[in-house]
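Chemist: Take a look at this one; I'll ask things after.
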Amino acid sequence: MSETTRRRQNTKMVPAPSHGIIPERDLYSSPVLEARHLGIEFGGLKAVEDFNLIIGRTEIAGLIGPNGAGKTTVFNLLTKVYQPTMGSVMLNGHDLNGLNTVQANKLGIARTFQNIRLFDNMTVEDNVRIGLHNQIKYGMFTGICRLPGYWKGEKQQHEKALELLSIFDMQDLAKVRAGSLPYGAQRRLEIVRALATNPSLLLLDEPAAGMNPHETEELMNNIAKIRDQFQIAIMLIEHDMNLVMGVCEGICVLNYGRIIAKGTPDEIQSNPTVIEAYLGKKKEG
Amino acid sequence: MKLKKSTVNNLISFGIVIIAFIICQTMISTGVMKRSLRGQMIPICVYIVMAVSLNLVVGISGELSLGHAGFMSIGVFSGIIASAWLKGALGLENELIRLILSMIVGGAFAGVFGALIGIPVLRLRGDYLAIVTLAFGEIIRNVLNCLYFSLDGRHLHVSFNNPSIPGTILVNGPNGAKDVDKIATFPVGFVLILFTLFVVLNLINSRSGRAIMAARDNRIAAEAMGINVTKYKMMAFVTAAVLAGMAGALYGMSMATVTAAKFKFDTSILVLVFVVLGGIGNIWGSIIAAALLTVLPELLRAFADYRMLIYAIVLILVMLITNNPTMRALFTKLVPRRGAGQKGGEAL
Ligand SMILES: Nc1ncnc2c1ncn2[C@@H]1O[C@H](COP(=O)(O)OP(=O)(O)OP(=O)(O)O)[C@@H](O)[C@H]1O
Ligand SMILES: [Mg+2]
């Protein structure tokens with residue numbers, strides 16, 4: 001068992017009601033993400049309002065809530081797909097105010113999409129190579145003239161792509177067209193592609209949607225593995241409560257665009273407001 | 001060393017183009033080729049380059065450009081002027097060097113205009129490029145109609161709407177350029193095709209090319225991966241403009257007279273027709289469509305009245321061939337075409 005895994009098991013959750021949900025081990029390092037009073041309106045509809053959250057350096061956080069609660073909108077705000085109408089986001093100590101999606105990604109935030117957005121007509125490997133765009137670079141001229149930098153860069157990209165694909169044991173699929181992969185594999189490829197951008201915060205929008213229970217189980221282990229291996233923070237939106245409760249250290253519940261609860265899985269499961277709004281009454285047996 | 005599949009494919013396409021050139025060149029030197037057809041060889045090269053470069057914009061970067069002939073005309077006139085100046089002012093007699101330098105000048109001017117259009121327009125989302133390039137093509141033609149250039153010793157004179165300028169007139173407003181030094185040759189045209197293929201195919205199979213295609217296939221995902229979409233759309237657009245400018249310079253110096261009126265909207269659409277018929281994103285298809293449809297009117301002269309009928313039939317045949325799944329699969333093997341709307345080959 002690795003050092004980090006052991007450390008994780010010993011970790012006691014410290015819910016901080018005024019701020020967010022920070023595991024103890026991250027107390028002494030600055031948080032990776034701080035969202036303050038974040039909000040957005042769509043023509044009068046407040047899709048997200050007064051969203052406050054702090055995520056620790058190596059925390060796995062969950063974002064749950066009923067359909068239409070504003071979870072995906074939060075991701076779009078954090079990745080600057082939408083510009084917030086209120087509040088601010090700090091990523092690794094940088095204010096994201098006024099920046100665009102590309103700049104936010106370069107500062108260390110990567111994501112997957114609820115409705116999969118792969119480059120369907122490209123190979124699995126090329127999808128990952130696009131994720132490596134800003135990690136292994138060479139210029140246009142070098143590429144056209146096939147200068148030594150091109151061969152070196154291509155070789156590095158190829159090796160790095162296969163290494164990343166091997167996280168999900170997908171290295172043998174490298175030459176397959178991404179659009180022809182089964183659904184579950186497409187979701188995994190999106191995670192690999194996002195990881196390739198070398199993020200410090202990885203946002204996963206319903207990563208287990210459309211997966212069978214076996215695949216979900218495997219994904220759960222892999223999410224923890226990715227965090228341990230890359231030492232990054234992960235925030236995930238998910239409707240599968242087994243996955244959320246199994247892997248998340250801190251959970252944030254959203255309803256009608258507002259946070260109604262924050263805490264450890266145990267606290268969330270026994271929180272009457274959350275049960276009322278989302279989880280529903282526990283079934284007998 | 002084991003070669004990559006894309007490299008092998010590129011080598012095959014280069015091989016086919018070289019073989020086609022050797023056949024044409026042999027036919028010309030042995031006198032098998034008719035005189036009228038011989039005159040079509042340079043225009044064929046020019047239109048192949050035009051089609052392939054437009055395909056870089058339309059097929060690979062997914063933006064619609066309706067003013068490709070505008071870049072060609074900039075190349076035509078800047079190339080002709082550069083050639084006359086190099087000869088008159090610098091006394092450069094060597095025709096090959098002069099031709100190549102003029103083509104570089106033509107490409108550079110077209111590239112600058114491409115950048116001027118691209119910088120504001122490609123920042124926007126939506127089909128603005130089509131509208132702006134359409135306007136650009138018309139504006140540049142009308143402006144060129146009013147421009148007069150002359151060479152007086154070592155000095156180049158320009159005037160707007162005023163034909164009375166000193167020295168020998170190079171470009172005479174609406175009457176265009178007359179008595180152009182016809183220094184363009186078929187071998188140089190062939191080399192330009194190879195150069196174009198080299199640039200476009202190598203670009204597609206590189207980090208930048210993948211970024212261009214990522215921006216085309218899914219802009220939001222590309223941006224989330226940290227790809228500066230505007231930058232890569234610019235890269236494709238300006239590269240295409242440079243290549244069109246070079247083709248234009250070659251074209252200008254293959255004609256005794258050229259007027260700006262030649263490069264109207266119809267010419268832009270003609271090149272777009274080559275691209276669409278050859279298959280959007282299919283470089284190889286662009287080459288075939290451009291070559292076939294450029295020689296066709298000349299070849300069909302013998303059929304007199306049935307000319308347009310046969311032209312229409314060939315158009316349909318080209319469309320069927322380039323869009324037929326089995327033929328497309330064959331083309332995919334010949335030329336790497338990770339293009340849009342590729343519904344054919346499932347496995348790669
Ligand atoms: N671009 C937009 N314009 C207008 N309204 C929007 C926009 N994006 C989201 N909304 C609205 O914001 C609300 C929250 O949507 P969001 O997609 O964030 O929900 P969600 O929590 O992700 O739901 P689900 O679980 O179904 O994915 C919805 O009412 C939606 O209609
Ligand atoms: Mg959602």
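The values are calculated or read from the model by the stated rules, or taken from the named source; none is laboratory data. Predicted model, so just to flag it, every value in this text is computed and none were measured. Every residue, glycine as well, gets a Cβ built from its backbone with ideal geometry; the counts of neighbours run over all protein chains shown.
Chemist: I need every pair where a residue in the stretch A:58-70 that is within 14 Å of another protein chain (Cβ to nearest Cβ) has its Cβ under 6 Å from the Cβ of a residue that is of a type outside the set (V, I, T) and within 6 Å of ligand 1 (Cβ to nearest atom), sequence separation at least 6 or different chains.
Modeler: Listed by first residue and then by second, the contacts come to nothing, as the list is empty.
Chemist: Now for a different question. Mind listing whichever residues of the stretch B:118-130 are of a type in the set (V, I, T) and without any contact (Cβ under 8 Å) to a residue 60 or more places away in the chain?
Modeler: Within the stretch B:118-130, B:V121 is the sole residue that qualifies.
Chemist: So, in the stretch A:41-68, of the ones that are closer than 17 Å to A:Q114 by Cβ and touching a helix residue (DSSP H, G or I) at 6+ places or on another chain (Cβ under 8 Å), which residue ends up farthest from ligand 2 (Cβ to nearest atom)?
Modeler: The extreme case among them is A:G62.
Chemist: Another question about this same structure. Considering only the stretch B:135-159, state which residues are surrounded by fewer than 21 Cβ atoms within 10 Å (Cβ to Cβ), modelled with pLDDT of 90 or more and either under 13 Å from B:E63 (Cα atoms) or small (G, A, S) (or both).
Modeler: Residue satisfying the conditions is B:A135 alone.
Chemist: Does A:T73 satisfy being in contact with a strand residue (DSSP E or B) (Cβ under 6 Å, 6 or more places away or on another chain), more than 10 Å from ligand 1 (Cβ to nearest atom) and within 24 Å of B:A221 (Cα to Cα)?
Modeler: In short, no.
Chemist: If you check A:I167 against the conditions, is it β-branched (V, I, T) and within 10 Å of another protein chain (Cβ to nearest Cβ)?
Modeler: Working: β-branched (V, I, T): yes; within 10 Å of another protein chain (Cβ to nearest Cβ): no.
No: the conditions fail for A:I167.
Chemist: Give the stretch B:278-298 a look and list any residue that's of a type in the set (A, V, I, L, M, F, W, C), surrounded by fewer than 24 Cβ atoms within 10 Å (Cβ to Cβ), in contact (Cβ under 8 Å) with a residue 24 or more places away in the chain and out of contact with any Leu (no Cβ under 7 Å at 6 or more places or on another chain), or say none.
Modeler: B:I280, B:I288, B:A291, B:L292, B:L293, listed by residue number.
Chemist: What tally of residues in the stretch A:126-164 results from selecting those that are more than 15 Å from B:R210 (Cα to Cα) and buried (at least 19 other Cβ atoms within 10 Å of the Cβ)?
Modeler: Total meeting the criteria: 1.
Listed here are the residues, each with its yes/no results for (1) more than 24 Å from B:A261 (Cβ to Cβ); (2) modelled with pLDDT under 95; (3) within 7 Å of chain A (Cβ to nearest Cβ).
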position	(1), (2), (3)
B:G173	no, yes, no
B:K178	no, yes, no
B:A184	no, yes, no
B:S208	yes, no, yes
B:D217	yes, yes, yes
B:A224	yes, no, yes
B:N228	yes, no, yes
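Chemist: Confirm whether A:G131 is within 9 Å of chain B (Cβ to nearest Cβ) and farther than 29 Å from A:V74 by Cβ.
Modeler: no
Chemist: In the stretch A:188-273, which strands (runs of 3 or more DSSP E) lie fully inside it and hold 1 or more residues that are closer than 26 Å to B:A221 by Cα and either at pLDDT 95 or above or more than 13 Å from the chain's Cα centre (by Cα) (or both)? Write out each step before concluding.
Modeler: Values: elements: A:201-205, A:233-237, A:250-255, A:258-263.
Those strands (runs of 3 or more DSSP E) span A:201-205, A:233-237, A:250-255.
Chemist: Can you name the residue in the stretch A:172-186 that is within 14 Å of another protein chain (Cβ to nearest Cβ) and crowded, with 19+ Cβ neighbours inside 10 Å and, of all such residues, is nearest to A:V247 (Cα to Cα)?
Modeler: A:Q186
Chemist: When only residues in the stretch A:90-120 that are touching a residue at least 12 places away in the same chain (Cβ under 8 Å) and within 16 Å of ligand 2 (Cβ to nearest atom) count, which is nearest to the chain's Cα centre (by Cα)?
Modeler: That would be A:R111.
Chemist: Any residue at all in the stretch A:71-89 that is more than 16 Å from ligand 2 (Cβ to nearest atom), touching a Leu at 6+ places or on another chain (Cβ under 8 Å), within 14 Å of chain B (Cβ to nearest Cβ) and among the β-branched types (V, I, T)?
Modeler: no
Chemist: Looking at B:V199, B:V188, can you tell me which residue is under 20 Å from B:G107 (Cα atoms) and more than 13 Å from chain A (Cβ to nearest Cβ)?
Modeler: Residue meeting the stated conditions: B:V188.
Chemist: Failed condition for A:G210, given (1) more than 16 Å from ligand 1 (Cβ to nearest atom); (2) more than 18 Å from A:P66 (Cβ to Cβ); (3) more than 14 Å from every other protein chain (Cβ to nearest Cβ), with all others met?
Modeler: Status for A:G210: all satisfied but (1).
Chemist: So B:V242 ticks every box in (1) part of a helix (DSSP H, G or I); (2) in contact (Cβ under 8 Å) with a residue 60 or more places away in the chain; (3) more than 14 Å from chain A (Cβ to nearest Cβ) but one. Which box is left unticked?
Modeler: The number of the failed condition is (3).
Chemist: Are any of the residues in the stretch A:175-183 touching a residue at least 40 places away in the same chain (Cβ under 8 Å), more than 15 Å from A:E59 (Cβ to Cβ) and within 16 Å of ligand 2 (Cβ to nearest atom)?
Modeler: no
Chemist: Let me ask something additional. When you go through B:L129, B:L122 one by one, which is the residue that is within 22 Å of B:L54 (Cα to Cα), buried (at least 22 other Cβ atoms within 10 Å of the Cβ), touching a Lys or Arg at 6+ places or on another chain (Cβ under 8 Å) and of a type in the set (A, V, I, L, M)?
Modeler: Result: B:L122 is the single residue among B:L129, B:L122 that is within 22 Å of B:L54 (Cα to Cα), buried (at least 22 other Cβ atoms within 10 Å of the Cβ), touching a Lys or Arg at 6+ places or on another chain (Cβ under 8 Å) and of a type in the set (A, V, I, L, M).
Chemist: Still on this structure, I have one more. Is it true that A:V192 is in contact with a helix residue (DSSP H, G or I) (Cβ under 6 Å, 6 or more places away or on another chain), within 14 Å of chain B (Cβ to nearest Cβ) and either over 30 Å from A:D50 (Cβ atoms) or in contact (Cβ under 8 Å) with a residue 24 or more places away in the chain (or both)? Let's see the steps before the verdict.
Modeler: Numbers: in contact with a helix residue (DSSP H, G or I) (Cβ under 6 Å, 6 or more places away or on another chain): yes; within 14 Å of chain B (Cβ to nearest Cβ): yes; either over 30 Å from A:D50 (Cβ atoms) or in contact (Cβ under 8 Å) with a residue 24 or more places away in the chain (or both): yes.
When the stated conditions are applied, A:V192 passes them.
Chemist: Quickly run through the stretch B:14-52 and pick out the residues that are among the small types (G, A, S) and surrounded by fewer than 20 Cβ atoms within 10 Å (Cβ to Cβ).
Modeler: Once the filter is applied, which keeps residues that are among the small types (G, A, S) and surrounded by fewer than 20 Cβ atoms within 10 Å (Cβ to Cβ), the stretch B:14-52 yields B:G15, B:A20, B:S29, B:G31, B:S36, B:G39.
Chemist: Also, I was wondering about something else. Being more than 14 Å from chain A (Cβ to nearest Cβ) and either among the charged types (D, E, K, R) or free of Cβ contacts under 8 Å to residues at least 12 places away in the same chain (or both) is the requirement here; does B:S268 meet it?
Modeler: no
Chemist: Take the stretch B:214-239 and flag every residue that is outside any helix (DSSP H, G or I) and surrounded by fewer than 24 Cβ atoms within 10 Å (Cβ to Cβ).
Modeler: B:N218, B:N228
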